[in-house]
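**Q** One structure coming up, written as structure tokens, with questions to follow.
The values are calculated or read from the model by the stated rules, or taken from the named source; none is laboratory data. Everything quoted here is computed from the prediction, not taken from an experiment. A quick note on method: Cβ atoms are made from the backbone with ideal geometry, for glycine too, and the neighbour counts reach across all protein chains shown.
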Amino acid sequence: MKKINNHTMKENNMCILLNTVRKKGPISRVYLARELGLTSPAITNIVSDLISSNLLMEVGTSDFNSVGRKPILVAINPKACYVMGIVLTTESITVVIGNFNVTPIYQHVTPIKPLFGRDQIITLMISDLQNALNETGLDKSQILGLGISAPGPLDAKKGILISPPNFPDWDHVKICQILQEAVGIPTVLDKETNTAALAEYYFSNLEEYPIFYISLFQNSIGGCIMDSNRIIRGFQDGAGDIGHMQVDINGPRCVCGQFGCLESIASGDALIAKAQAELKLFSDDRLSYDFNISDITLETIFRYADQEIPLFANIVDYAARMIAAAIGNVISILSPSLFVLGGTMLKMSPGLLDKISHYVHARSYPYCVKDIKIVPSHLGEDSFILGAMMLAVDHFQTTLCEK
């Protein structure tokens, strides 16, 4: 068993305290002691050290204590350092820089296509990171670290992307090593759904755990299990991948090679393919086409579904039932208290979440299902950029506590 000395314990407590202040601050020393279960002298010492290191700062007094001396509040010092994040999707590269409080000060999006190929996309990532430093005037010595939010499967510990299904020529790419050597900033990697869940934990005031985060996008569906601030990774980072849960063994072939995965049935691209197939056989005088069938978009499908055109309403309803079925399977195995749904599909169709929630709560078993909450992401698409930066903070702030 690895021994933990007093110095290591103090560093760990410093990082825990910083994260608590980031999540709940400004906060008094009294409340920090209650939150962390440490003595008042211990909290006072840690806070003093962090203020001396310019990682925390005092920001006034609390208005809640009407008797006696008002407690002094502490908060993260946003200028202590900066963090970078990069979000890779099949549609774009997003580079963001934030202060130590993970508030973005710079953001740039570069559209891409998977067919660009690995080398071209990596070249764009490096160029965008270097441009971000140049445009903000920041030196790499001011950057605590870089967090990469990317599609799985991947090896977070080794910083390797392992053949993401939507990136055909990416096979065991050492993305952390490549970017770290090119830009000169410590780099860490995780799945996009994990980073989004991390952001939800720190910036959405969620208090019920464990939670299951689900992202619904046009070309992908992903998931993450989180217990407090801890991501449940499973064997070889495979936990939570609800998009590749089989919900219909006779369903269409998925990009992963299986048949009937949730992603192959209920992602935006799957709904478009289903609508195109059915439109070729469909006739309805109420529907005036303002598009070519081959050019139909997901927005069009949701718009006609909201108008209760049967073909489109049925397609969206079927997707909601399949997503609810996958959620039901998760409930039967893990029974999380809360599901948080994010991604662009919910933005396109505000009623989709209500449909999913209806089908989940219509289940008669397990009995706890009626009390399980299903809510939209409070951060929306910002969860991915905030999560990428928070990944870097979470991973590298120990180095600040060592100083």
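**Q** For residues that are under 17 Å from Val30 (Cα atoms) and without any contact (Cβ under 8 Å) to a residue 24 or more places away in the chain, tally how many sit in the stretch 65-105.
**A** Here the count works out to 6.
**Q** I'd like to check something: does the stretch 228-237 contain any residue that is in contact with a Phe, Trp or Tyr (Cβ under 8 Å, 6 or more places away or on another chain) and closer than 13 Å to Phe339 by Cα?
**A** Restricting attention to the stretch 228-237, the residues satisfying the condition of being in contact with a Phe, Trp or Tyr (Cβ under 8 Å, 6 or more places away or on another chain) are 228-229.
So of that shortlist, the ones also closer than 13 Å to Phe339 by Cα come out as none.
No: the stretch 228-237 contains no residue that is in contact with a Phe, Trp or Tyr (Cβ under 8 Å, 6 or more places away or on another chain) and closer than 13 Å to Phe339 by Cα.
**Q** While we're looking at this one, here's another question. Yes or no: the stretch 44-59 includes at least one residue that is of a type in the set (S, T, N, Q) and in contact with a strand residue (DSSP E or B) (Cβ under 7 Å, 6 or more places away or on another chain).
**A** no
**Q** So is Thr110 touching a Leu at 6+ places or on another chain (Cβ under 6 Å), under 29 Å from Ser204 (Cβ atoms), modelled with pLDDT of 95 or more and of a type in the set (S, T, N, Q) or not?
**A** The answer is yes for Thr110.
**Q** Can you work out which of the residues in the stretch 106-122 that are without any contact (Cβ under 8 Å) to a residue 24 or more places away in the chain and in a helix (DSSP H, G or I) is surrounded by the fewest Cβ atoms within 10 Å (Cβ to Cβ)? Steps first, answer last, please.
**A** From the stretch 106-122, those without any contact (Cβ under 8 Å) to a residue 24 or more places away in the chain are 109-113, 115-116, 119-120; that's our starting set.
Checking which are in a helix (DSSP H, G or I) leaves us with 115-116, 119-120.
On the way: Leu115: 11, Phe116: 15, Asp119: 9, Gln120: 12.
The residue in question is Asp119.
**Q** What number of residues in the stretch 238-252 are surrounded by fewer than 21 Cβ atoms within 10 Å (Cβ to Cβ), over 15 Å from Asn219 (Cβ atoms) and in contact with a strand residue (DSSP E or B) (Cβ under 9 Å, 6 or more places away or on another chain)? Can you show your working first?
**A** In the first step, residues of the stretch 238-252 are kept if they are surrounded by fewer than 21 Cβ atoms within 10 Å (Cβ to Cβ); the result is 238-239, 245-246, 248-252.
Imposing the further condition that a residue be over 15 Å from Asn219 (Cβ atoms) reduces the set to 238-239, 245-246, 248-251.
Among the residues that remain, those that are also in contact with a strand residue (DSSP E or B) (Cβ under 9 Å, 6 or more places away or on another chain) are: 239, 245-246, 248-251.
Residues in the stretch 238-252 being surrounded by fewer than 21 Cβ atoms within 10 Å (Cβ to Cβ), over 15 Å from Asn219 (Cβ atoms) and in contact with a strand residue (DSSP E or B) (Cβ under 9 Å, 6 or more places away or on another chain): 7 in total.
Conditions tested, residue by residue: (1) within 27 Å of His108 (Cβ to Cβ); (2) buried (at least 23 other Cβ atoms within 10 Å of the Cβ); (3) not assigned by TED's automatic domain parsing to the domain that holds Lys10.
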residue: Gly343; (1), (2), (3): yes, yes, yes
residue: Lys347; (1), (2), (3): yes, no, yes
residue: Lys373; (1), (2), (3): no, no, yes
residue: Ala388; (1), (2), (3): yes, yes, yes
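**Q** If I filter the stretch 185-194 down to residues being surrounded by 24 or more Cβ atoms within 10 Å (Cβ to Cβ) and more than 14 Å from Ile225 (Cβ to Cβ), which single residue comes out as farthest from the chain's Cα centre (by Cα)?
**A** Across the stretch 185-194, the extreme among qualifying residues is Thr187.
**Q** Scan the stretch 301-338 residue by residue and report those that are free of Cβ contacts under 8 Å to residues at least 24 places away in the same chain and over 14 Å from Gly351 (Cα atoms).
**A** Within the stretch 301-338, Ile333 is the sole residue that qualifies.
**Q** Considering only residues that are surrounded by fewer than 20 Cβ atoms within 10 Å (Cβ to Cβ), touching a residue at least 40 places away in the same chain (Cβ under 8 Å) and either of a type in the set (Ser, Thr, Tyr) or not in a loop (DSSP other than H, G, I, E, B) (or both), which ones fall in the stretch 154-171?
**A** Asp155
**Q** Another question, then. Please state which of the following conditions Ile214 fails to meet, knowing it meets all the rest: (1) of a type in the set (Val, Ile, Thr); (2) modelled with pLDDT of 95 or more; (3) buried (at least 22 other Cβ atoms within 10 Å of the Cβ); (4) not assigned by TED's automatic domain parsing to the domain that holds Ala320.
**A** Single failed check for Ile214: (4).
**Q** It is to be established whether one or more residues within the stretch 175-192 are modelled with pLDDT under 95, not hydroxyl-bearing (Ser, Thr, Tyr) and not in a strand (DSSP E or B).
**A** Yes: one or more hits.
**Q** Just name the residue that is modelled with the highest pLDDT out of those in the stretch 71-105 that are of a type in the set (Ser, Thr, Tyr), under 21 Å from Ser215 (Cβ atoms) and part of a strand (DSSP E or B).
**A** The selected residue is Thr94.
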